[in-house]
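Trainee: Please read through the structure below; I'll follow up with questions.
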Amino acid sequence: MKTLYVGGDIVPMTGKDDRVEALLVGDDGTIVHAGSEHDARALASDAPVVDLRGKTLLPGFIDPHSHILSATTYVLTADLSDARSFADIQKTLRDFISERGLGANDVVQANSYDHNLLAEQRHPDRHVLDEVTTEIPIIITHMSGHVGSANTLTYSLAGIDASTPNPDGGKWLREEDGTPLGPWEEPAALGPLNEKVVGPRSHVDFPSLADEVQRYYTRYGVTTCQDGATLTSLADDAVACAEQGRWTMDVVSYPITLFDSDRNATIAAHSNYVSRDYRGHFRFGGIKIILDGSPQGRTAWMSEPYEVVTEDDDPSYRGYPQWENDDLVADLKDAIDRGYQVLAHCNGDAAAEQYLNCYEQALAQSSRADKMELRPVMIHCQTARSDQLKRMVNLRMIPSIFAGHTYYWGDVHLKNFGQQRGMRVAPVGEAHQLGLPFNLHTDTPIIPCDMLFTVWCAVNRVTRDGVQLAVDQKVSVFDALRGITINAAYQYFEEDRKGTLEKGKLADLVILDRNPLTVDPMEIKDIRVLATIKEGETIWEASS
């Protein structure tokens, strides 16, 4: 059904000062006209009219990196985000066990604690978690997703003891005799706990949760989102949702080789979804690799040491890599030869250097004709240096920047990296100055998929404690909005159909209660999403 939008701020995102009087959506869910109201009414005099009543219409927001399939686990697990002490964690876990009626055949999972916010200033160990229960396994995950802890029973059930060597690219922290202390670092160390403890005890029916998790995204105005590290079982669930018609948003998946999942096998099993066109609002967009860990968890791989924060800190500690160079070059060449877009998680500048070096080598070794057109992506870019951003220009590499770090962990980065490195985290301003088509992501479920808050972070760069980070890394509101609209569409090779309000593009829209381009920049985070529209159909409204 045709629909005519008038009576508000219609911002097409084609230019900083561009505005249109009216937007006409056609029967096929595409934009028929973006221009004068007179011309729009002449094209469809009988079209139903939506009077925006002074509200703002923008292109639907495009999430360039998150984990929508993993976000479902956060619906089913305990939330530790408000914990400020070990006692708070213990109470939340006890309440969760009681409310869910969990017993010896179950598993307790909890997410989103941040040791930087705890009174104890460290990760809870197995002894802390054993005080909650010794009869049910417990696994908790840090807000970064890269570190966490588990109780004694979990390690026992997983068969991990003092004689078990640490996995490549991860570690279990140890007591003096080698017994696992409880805290784990990186997915490689979490994997055996998930495989041997969580898997046999939990059965997530993702299709039944699809509506709920999509509401979580669409309430923030998101019309296209990502699953940026898809395991085989979750890919099967995502395809099932597509075949059942459950997706209302567009979902782009990037499978990963991790635990017992092999990305190439995952993609091969669903080869009819390998396309730049969607089937049931789902497709595979490429592959994901992880090269290091978390800067706030002090596992990101740095070229210079972390600052000494506690008396136990090693002054030479730089974090650590996940890959050997030769293996990474071979893996990247395989991806390039297959025509896959690569998304590489790089928080530390040493990880960024490894990615740049190895991608250059893989390009040199590949004979694929269109190898320079694959738009590789560096995910997070928290500490990417000036020289590295300049190298990205020649590689046509896209920086997908986690600007939310400036608020959530800016104070922690100042402590871990010192003033010079800490002030510069999330270098959006420099990426923009170099002409890189940067975008802004949330890494949900690490933080909420609040795209306007991410814009606020990139524009203002203020920490949780109110510290002003480097102002030369700020960008304008318009350029930050490009990071969640047209630049994000570019990452997905969809700039011809999404990201701006122009004739022929999809009518993916968001209605806001205020215009982020005209309010005080500090108020952007308070703007409300009133409606989210996908291809002309409303998929979320504030009243719902």
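Trainee: Can you name every residue in segment 24-35 that is open to solvent by less than 20 Å² (accessible area, probe 1.4 Å) and either under 31 Å from the mean Cα position of the chain (by Cα) or modelled with pLDDT under 95 (or both)?
Mentor: Result: 25, 29, 31.
Trainee: Identify the residue in segment 376-393 that is out of contact with any Phe, Trp or Tyr (no Cβ under 8 Å at 6 or more places or on another chain), under 18 Å from residue 441 (Cβ atoms) and without any contact (Cβ under 8 Å) to a residue 60 or more places away in the chain and, among all such residues, is surrounded by the fewest Cβ atoms within 10 Å (Cβ to Cβ).
Mentor: This residue is 389.
Trainee: Within segment 143-161, can you find the residues that are surrounded by 21 or more Cβ atoms within 10 Å (Cβ to Cβ) and either hydroxyl-bearing (Ser, Thr, Tyr) or closer than 15 Å to residue 90 by Cα (or both)?
Mentor: The answer is 144, 148, 149, 150, 151, 154, 155.
Trainee: Cβ-Cβ distance below 6 Å, separation of 6 or more or different chains: which pairs start in segment 495-515 with a residue that is touching a residue at least 24 places away in the same chain (Cβ under 8 Å) and end on one that is part of a loop (DSSP other than H, G, I, E, B) and among the polar types (S, T, N, Q)?
Mentor: What qualifies is 499/485; 500/14.
Trainee: Does residue 343 satisfy the criteria of being within 22 Å of the chain's Cα centre (by Cα), in contact (Cβ under 8 Å) with a residue 60 or more places away in the chain and closer than 22 Å to residue 252 by Cα?
Mentor: When the stated conditions are applied, residue 343 passes them.
Trainee: (1) in contact with a helix residue (DSSP H, G or I) (Cβ under 8 Å, 6 or more places away or on another chain); (2) closer than 27 Å to residue 464 by Cα: which one isn't true of residue 155, the others all being true?
Mentor: (2)
Trainee: Pull out all pairs, ordered by first then second residue, where Cβ-Cβ is under 6 Å, the residues are six or more apart or on different chains, the first lies in segment 292-308 and is without any contact (Cβ under 8 Å) to a residue 40 or more places away in the chain, and the second is charged (D, E, K, R) and open to solvent by 10 Å² or more (accessible area, probe 1.4 Å).
Mentor: Hits for this filter: 305/318.
Trainee: Tell me, yes or no, whether segment 113-126 has at least one residue that is among the hydroxyl-bearing types (Ser, Thr, Tyr) and touching a strand residue (DSSP E or B) at 6+ places or on another chain (Cβ under 8 Å).
Mentor: Yes, segment 113-126 has at least one match.
For every residue, the table says whether it meets (1) closer than 20 Å to residue 180 by Cβ; (2) touching a residue at least 40 places away in the same chain (Cβ under 8 Å).
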{"residue": "94", "(1), (2)": "no, no"}
{"residue": "114", "(1), (2)": "no, yes"}
{"residue": "118", "(1), (2)": "no, no"}
{"residue": "124", "(1), (2)": "yes, yes"}
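Trainee: Residue by residue through segment 83-118, note down the ones that are touching a helix residue (DSSP H, G or I) at 6+ places or on another chain (Cβ under 8 Å) and of a type in the set (A, V, I, L, M).
Mentor: If the condition is that a residue be touching a helix residue (DSSP H, G or I) at 6+ places or on another chain (Cβ under 8 Å) and of a type in the set (A, V, I, L, M), then 83, 89, 93, 102, 107, 108, 110, 118 are the ones that fit.
Trainee: Six or more apart or on different chains, Cβ atoms under 9 Å: show the pairs whose first residue is in segment 456-470 and over 16 Å from residue 412 (Cβ atoms) and in contact (Cβ under 8 Å) with a residue 40 or more places away in the chain and whose second is of a type in the set (Ser, Thr, Tyr) and open to solvent by less than 20 Å² (accessible area, probe 1.4 Å).
Mentor: Listed pairs, sorted by first residue: 458/406; 460/406.
Trainee: Sort through 524, 484, 511 and tell me the only one that's assigned to a strand (DSSP E or B) and either at pLDDT 95 or above or within 22 Å of residue 219 (Cβ to Cβ) (or both).
Mentor: Testing whether each residue is assigned to a strand (DSSP E or B) and either at pLDDT 95 or above or within 22 Å of residue 219 (Cβ to Cβ) (or both) leaves just 511.
The values are calculated or read from the model by the stated rules, or taken from the named source; none is laboratory data. No experiment lies behind these values; they were computed from the predicted model shown. Methodologically, a virtual Cβ is constructed for each residue, glycine included, from the backbone with ideal geometry; neighbour enumeration extends over all protein chains shown. The accessibility values were calculated without ligands, DNA or RNA, using every heavy atom of the protein model including side chains. Shrake-Rupley method; radii C 1.70, N 1.55, O 1.52, S 1.80 Å.
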